[in-house]
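Some notes on the structure that comes next.
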Amino acid sequence: MAELTLNAVGKTYSGGVKAVSGVDIQISDGEFIVLVGPSGCGKSTLLRMVAGLETVTDGEIHIGSRLVNQLDPAERDIAMVFQNYALYPHMTVRDNMAYGLKNRRTPKAEIETRVAEAARMLELGQYLDRKPRALSGGQRQRVAMGRAIVRQPAAFLFDEPLSNLDAKLRVSMRMEIRKLQQRLGTTSLYVTHDQLEAMTLADRLVVLNGGRVEQIGAPLEVYRKP
Ligand code: ADP
Ligand code: ADP
């Protein structure tokens, strides 16, 4: 758990496209921030910079007191949940959830405890020995959540995690994500283009436009403005 601070963060892609400029966002410990804005406004680029999947060309990103710009993704203490789940098809649910911890040489007993706990929270207990292809879309998304939870990261990043699900499942998974986040108290940055999703999830919304922050505030404040 930690604060996440973006200070004058910018990104110019090698071809010269300026995707993000001068972004200042201070996310408090435990806060849930949702990033919204039109397609191409830089949401994904911003998230991927925080995750370490994209280099930062301007400014600084801190988690707590640590400057994370220069750190490898694995050292950032951040877990990301993707739209396409990014599960390993040849591994069981259990191994998918354990993978990131094994890579970090977490003791075996500790891995087992954390996977069991996450499986319980996400009601995946009876699916632990299955492969992803034998799961529904909602179950796969739960496994992706489980993989993030077991890491006990300082922050969660969500890249449109629900957009591959049908409307009904989106609503129930949305509630589930919010409840889990509140229970764990993990600082979260969530990208979506679904306005209702943004309204229900966000402590504060950040509206990006043309790579810049256009508005920032509580959902009702932001959407009340003409
Ligand atoms: P969003 O997630 O809001 O749709 P993106 O962050 O994907 O926006 O894109 C922001 C801008 O950066 C767009 O103009 C897009 O075309 C450009 N862009 C995204 N990825 C790359 C890349 N790898 N190389 C060059 N330009 C990119
Ligand atoms: P975009 O926002 O451009 O659509 P994504 O955020 O979906 O891209 O991520 C791009 C790809 O990188 C995904 O298909 C995902 O499988 C892969 N990827 C990046 N980091 C990881 C990771 N830590 N674990 C698994 N897959 C990853």
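Some observations on this one:
- The set of residues in region 150-160 being more than 20 Å from T192 (Cα to Cα), surrounded by fewer than 24 Cβ atoms within 10 Å (Cβ to Cβ) and in contact with a helix residue (DSSP H, G or I) (Cβ under 9 Å, 6 or more places away or on another chain) consists of R151, Q152.
- The single condition from (1) open to solvent by less than 60 Å² (accessible area, probe 1.4 Å); (2) touching a residue at least 60 places away in the same chain (Cβ under 8 Å); (3) under 21 Å from A98 (Cα atoms) that A86 fails is (2).
- Note on region 146-226: enclosed strands (runs of 3 or more DSSP E) holding 3 or more residues that are over 21 Å from N84 (Cβ atoms) and among the aliphatic types (A, V, I, L, M) are 204-209.
- Here A8 does not fit the description of being open to solvent by 10 Å² or more (accessible area, probe 1.4 Å), small (G, A, S), part of a strand (DSSP E or B) and within 16 Å of ligand 2 (Cβ to nearest atom).
- So Q215, is it more than 17 Å from the chain's Cα centre (by Cα) and open to solvent by less than 50 Å² (accessible area, probe 1.4 Å): yes
- When each of L180, L169, L196, L220 is tested for being under 22 Å from P153 (Cβ atoms) and either buried (at least 19 other Cβ atoms within 10 Å of the Cβ) or free of Cβ contacts under 8 Å to residues at least 60 places away in the same chain (or both), the lone residue that passes is L180.
The values are calculated or read from the model by the stated rules, or taken from the named source; none is laboratory data. Only a predicted model underlies this, so the values are computations on that prediction, with no experimental measurement involved. Counting neighbours? That spans all protein chains shown, and the Cβs are built from the backbone with ideal geometry, glycine included. Quick note on the areas: whole protein, heavy atoms, side chains included, nothing else; ligands and nucleic acids left out. Shrake-Rupley method; radii C 1.70, N 1.55, O 1.52, S 1.80 Å.
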